[in-house]
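Below is one structure, written out as structure tokens; the observations come after it.
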Amino acid sequence: MPTASPTRAAGSCLGTVHERLLAAAAAVYSRFGATGATTRRIAAEASVNEVTLFRHFGSKEALLEAAAQAVLQTVVQSPEHAAQPVLLPSAPEHPHAELSRWCTHHIAQLQEVRGLLQHAFAEGAEGQALCNPHVAFLAMHDALQQYVCALREHGHVVREAQVPTAIAMLVSVLATDGMGRHRMERLLPAAAAAAEQYASTFLQLVLESPHEVEAELLLGEGWYSVPTPRTAQAFWWGAPAASASAA
């Protein structure tokens, strides 16, 4: 599978030369890293000459840094500035559905920019990063913390000791799925059901009574509701047990 390009995230569909250069720099950097992202390649990608590139940004380094920051901003931007925000609500009504949509959105977003993030992490380890890729995952962490607070405030009993680990696990698996599914397909749930399974697992970890959120798990050949904590355990990633159906 080819490396995902952040061209759309950097704004390639916008028409100005400045924006085309940002989008081109992000796309070329995602494929080749900072060393391979030459001004010739970037200019060709943007359909301009190198003189135009230097007139707008002064140097390759300045252009690459601006492009990387523009892409990261699409991941961590505040909700009111998001083009199509997928938010965790401050007043949860259907936590499993809300969290599943949020997970789906972030997996897709990370797939879109994974090439850039992978190069940024690798170059950061050598002290040469153009941007701080960690901010994308810190933003996800903070959003989950706020959502757990909202669940607590709206009457759900939260297992406080489990919250830090559950958040770390969910952010980690979203990062793995979004950036590494093409390499680790066998280690992950089926893509079509992954976000819902991640959401279900997270809610079962952090809530004292996960049945209260009316979560549903995709198990075996169909959908099964989770009416009680006891049956939730019986349903754990397998066909429903006879004792569960009799409850």
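Of the residues that sit in segment 142-151 and are buried (at least 17 other Cβ atoms within 10 Å of the Cβ) and under 14 Å from the mean Cα position of the chain (by Cα), which one is modelled with the highest pLDDT?
Filtering first and then ranking leaves LEU144.
Taking LEU188 as the residue in question, decide whether it is under 15 Å from LEU99 (Cα atoms) and surrounded by 14 or more Cβ atoms within 10 Å (Cβ to Cβ).
On the way: under 15 Å from LEU99 (Cα atoms): no; surrounded by 14 or more Cβ atoms within 10 Å (Cβ to Cβ): yes.
No, not satisfied.
Of all residues in segment 24-52 being assigned to a helix (DSSP H, G or I) and of a type in the set (Ser, Thr, Tyr), which is farthest from GLY124 (Cα to Cα)?
As a first pass, look at segment 24-52 and keep what is assigned to a helix (DSSP H, G or I): 24-36, 39-46, 50-52.
This time we only want the ones that are of a type in the set (Ser, Thr, Tyr), so: 29-30, 35, 39, 52.
Working: TYR29: 14, SER30: 14, THR35: 13, THR39: 21, THR52: 29 Å.
Ranking the qualifying residues of segment 24-52, first place goes to THR52.
Quick check, is ALA66 crowded, with 17+ Cβ neighbours inside 10 Å and either small (Gly, Ala, Ser) or under 16 Å from HIS119 (Cα atoms) (or both)?
Working: crowded, with 17+ Cβ neighbours inside 10 Å: yes; either small (Gly, Ala, Ser) or under 16 Å from HIS119 (Cα atoms) (or both): yes.
It is true that ALA66 is crowded, with 17+ Cβ neighbours inside 10 Å and either small (Gly, Ala, Ser) or under 16 Å from HIS119 (Cα atoms) (or both).
Residues of segment 108-135 being surrounded by fewer than 23 Cβ atoms within 10 Å (Cβ to Cβ), under 28 Å from ALA193 (Cα atoms) and touching an Asp or Glu at 6+ places or on another chain (Cβ under 9 Å), which ones?
GLN111
The values are calculated or read from the model by the stated rules, or taken from the named source; none is laboratory data. Being a predicted model, the structure only gives us computed values, none of them experimental. All Cβ positions, even for glycine, are placed from backbone atoms using ideal geometry, and neighbour counts span all protein chains on display.
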